[in-house]
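Rule-based calculations on the coordinates, nothing more; no lab input. Every value quoted in this text rests on a predicted model; they were computed, and no experiment measured them. Cβ: placed from backbone, ideal geometry, glycine included. Neighbour counts: every protein chain shown.
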Amino acid sequence: MENKFNLTREQNVFVAKRNIVDYIWKSANLEGIGVTYPETQAIYDGGIVNGLTVDKIIAINNLKYAWQFILENNELEDNFHILCHIHKLTCEKLVLEQNLGKLRTTPVNIGGTSWQPDFPFESDIKDELTQILEQSEKTKTEIALDVMLYIMRKQMFIDGNKRVAMLFANKIMIDNGCGIISIAQENQPTFFTKLIKFYETGDNTDLKMWLYETSIDGINLN
């Protein structure tokens, strides 16, 4: 699985900033936060949006702050600590304070399937993350997709797992000039169908290839 884009980090940050509202809008809707693109733009710009719940406005602003954290810091390691910090930024004021950046301690149910993830243990997750991130035979694009799907299936946090997974994966993509992972609105039903299958089987092959073919954004500068 080759890198589709070979940018400098500066170029990749430019791509991300140019389309940041679109990425936030798509990511929010992927997590069931029903906002329109104009509403997302207005919230991002600090405007007043009538008719939206406070939680939706907070969720969009949190995604904005999490993206800013990733884009403005170019020397952050890819590790468990940064993953937990991204969760704090993404879920601030949306989950209880004691759950921010902390592994969940209660069971979760997944919509659309009877499958349930195991309880997360910090030592296991640190080891598993390291194994995924240090796959020397794979490109950074494939590693980013692997780690994103791992986080989604692990359901390690009480809420916001898909948002956090995509942000962490996009940190890897941006730091290595590989583009941006973003799932278009019209592709989200297919994504969820494939995601449920992945949850149930643990085999990410089909979903990963589909994401590679449909959901990586960038520019060719040559």
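For the chain, a crude dipole built from +1 on the beta carbon of Lys and Arg and -1 on the beta carbon of Asp and Glu, taken about the Cα centre, is about 440 debye to the nearest 20.
Length, then width, then depth: along the principal axes, the Cα atoms of region 9-216 run 44, 39, 33 Å.
Amide H to amide H, with H built 1.01 Å from N, ASP217 comes under 5 Å of ILE180, ILE181, SER182, counting only residues 5 or more places away or on other chains. With the highest mean first, a sort of the peptides 127-140, 158-171 on other beta-carbon atoms found within 10 angstrom per residue produces 158-171, 127-140. For the peptides 62-71, 46-55, the ranking by mean Cβ contacts within 10 Å, running from highest to lowest, is 62-71, 46-55. Of the residues ILE132, GLY34, VAL95, the one whose Cα sits farthest towards the positive end of the charge dipole of the chain is GLY34 (charges of +1 on Lys and Arg Cβ, -1 on Asp and Glu Cβ, taken about the Cα centre).
Computed over region 112-222, the P(r) tail beyond 21 angstrom holds 34 percent of alpha carbon pairs. For q values of 0.11, 0.12, 0.18, 0.24 Å⁻¹, compute log₁₀ I(q)/I(0) with the Debye formula on a Cα-only model of region 2-95, without solvent. Each listed q corresponds, in turn, to -0.35, -0.42, -0.89, -1.30. Across region 157-222, Cα-Cα pairs more than 15 Å apart make up 60 percent of the total.
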